[in-house]
Structure formats: C-alpha cells, structure tokens
1. With a cut-off of at most 11 other beta carbons within 10 Å, and DSSP calling the residue loop, which trypsin sites (Lys or Arg not before Pro) in the range 1-68 qualify? Please list them.
2. Taking a 20 Å limit on the Cα-Cα distance, which of the listed pairs K43/K83; K43/K73; K69/K142; K73/K142; K34/K69; K69/K225 fall beyond it?
3. So for W66, W80, what's the accessible-area order with a 1.4 Å probe, most first?
4. Could you please state how large a percent of the accessible area of the chain is carbon and sulfur, counting protein chains only and using a 1.4 Å probe?
5. Of all DSSP beta bridges in the chain, what percent run antiparallel (nearest 5)?
6. Give the relative contact order (percent, whole number) for the range 144-238; include only Cα pairs under 8 Å separated by 6+ residues.
7. Largest first, how would D165, D90 line up by accessible area (1.4 Å probe)?
8. What FRET efficiency comes out for the pair I202/Y149, r = Cβ-Cβ distance, R0 = 22 Å, nearest 0.05?
Amino acid sequence: MATPNHRHENQRVYILHTYPFKETSLIAEIFSEKFGRIPVVAKGARRPRSSIRGMLQSFQVLLANWSGKSELKSLNGLEWCEKLTILEGDALMCGFYLNELMIRLLPRDEPHTELFHFYHETILALSEGRELTITLRRFELKLLQALGYAVTLDQDEDSNPIIPDKIYRYEAEYGACDLTKTDRGIKVLGKTLLDMASDQYIDKETQQQSKQLMRYLLGFYLGDKPLHSKQLFVDLQG
C-alpha cells in the first residue's frame, strides 16, 4: 500500500490511459515502479499551452511528481526519463492490449516492482518488433502470476509431474487434470505446459496452444466485459 508520505517525486512511471476530467484537465492511470497503479489528475493538461500535455503518452518511461491524500492524486510534474520508444503497426496494437489488461486486472495502490520491470522489458521488445505473439504470451502469464493467480504448469492438480505426451484439460483455479475428471476448461498437451513453464515458445504447437490457454484464463479472470483493444485489432485485421 502507499506510504504515509503524501508527496512523491521523481518516480519512474508509465502512462496506461488518460481520459478527460472537467473542462481542461485529464485523469491519467499511471503504473509506478514503486507504488503500482495510481490515478492522478493532470490539471489544465487539455489546455493548448499546457507544459505536460505532450508528455502524457503511453509506452514512455517518465519521471513523475504527485501528491494528495485521497485515492485521486494530483500530478505536479513530468519529465522525460529515457529515449523515446516508438510502437507502430501491430506492435502498437499489442501495447494498447497490454495497457488495457493492466487497467482491468491490476488493483490500485499495490506495489508491483518486478512486474513494472517486466512491463518495461516487454515494451522494449515490442518496439523492436521481436516475436510479438510470444512477447504477449510471456507478459500475459507474468501478469497473472504477479497478481497471485495460480497458473501451475509443471504439475497437475494432484501435484503429479506433467507428462509431455499426455493431453490434459486445464481448468482455471485448479490447473491440469485427466480428461475424465471434468469437461470444463481447455484441452492442452503436457509439452505445451512444460514449454511455458520453462519459457520456451519455439514449437509451433506450443505457440498455438499457449495462445488458446491464455485466452481462456484471461477470459475467466476478466469476466464478460470484452477488451476494446482486442476487438479493434480484429477489426483492423479483418
């Protein structure tokens, strides 16, 4: 949780999303290295001469100053921190997808320093166009694990080692089990689970099944409300 100090300066952050607030301001959902996801109000940021208007950009590491005792903090300043990161085309859509996942799943005011660093590495990977689908699978899994959701990949629900050539049914909150135990969840090969556990996505079948598995797990935890970024990506591809 946030510390008793109500003023924080020179904190590394990413902007996840912004939306209008009152006539001239914006609310920004920021992801802070030390304090997690925090909503801040950028007063006057919609005015043409605002000094921070052009800095409220996603996918950039920024140094932020904010203060306040309530849940909605006041953004007092922003500075560029590193060189500009450019996401284009499919990589840009992937970035929007990651940010929407974070907003939907990441609780406010909970530190996730390790996840911040992994998000930073993921944004750099997207900017370099490195294996976009594999980059997404890695982040999706890391996000669920960071949030404390059980995504056990090397053992079945009875704590038995996963057998590579065996087909399992994977059910959210329970894990892998014999096909005869349930008709819920999704079928997946043991090798796919072991590949994911060891962060190996070279095999084409692993890439396909890991996508299906993560789609199922994220759908379970996100609920019925669809992701806008995912639909936009489908429309653009369509």
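1. Details: sites: R7, R12, K22, K34, R37, K43, R46, R49, R53; in loops: K22, K34, K43, R46, R49.
Sparse-neighbourhood loop trypsin sites (Lys or Arg not before Pro): K22, R49.
2. Working: K43/K83 26 Å; K43/K73 11 Å; K69/K142 31 Å; K73/K142 28 Å; K34/K69 17 Å; K69/K225 31 Å.
Violating the 20 Å Cα-Cα cut-off are K43/K83; K69/K142; K73/K142; K69/K225.
3. Values: W66 5, W80 125 Å².
Largest accessible area first, the list is W80, W66.
4. Working: 6320 of 12750 Å².
Looking at the chain in its full context, I get 50 percent from C and S.
5. Details: 34 of 39 bridges.
Antiparallel: roughly 85 percent of the beta bridges in the chain.
6. 21 percent
7. Values: D165 125, D90 70 Å².
Greatest to least solvent exposure: D165, D90.
8. On the way: r = 26 Å, r/R0 = 1.16.
Efficiency for this residue pair is about 0.30.
The values are calculated or read from the model by the stated rules, or taken from the named source; none is laboratory data. Just so we're clear, the structure is a prediction, and the values are computed from it rather than from any experiment. So basically every Cβ, Gly included, is an ideal-geometry build from the backbone, and we count neighbours across all protein chains shown. Just so you know, the surface numbers come from the protein's heavy atoms only, side chains and all, with ligands and any DNA or RNA stripped out. Shrake-Rupley method; radii C 1.70, N 1.55, O 1.52, S 1.80 Å.
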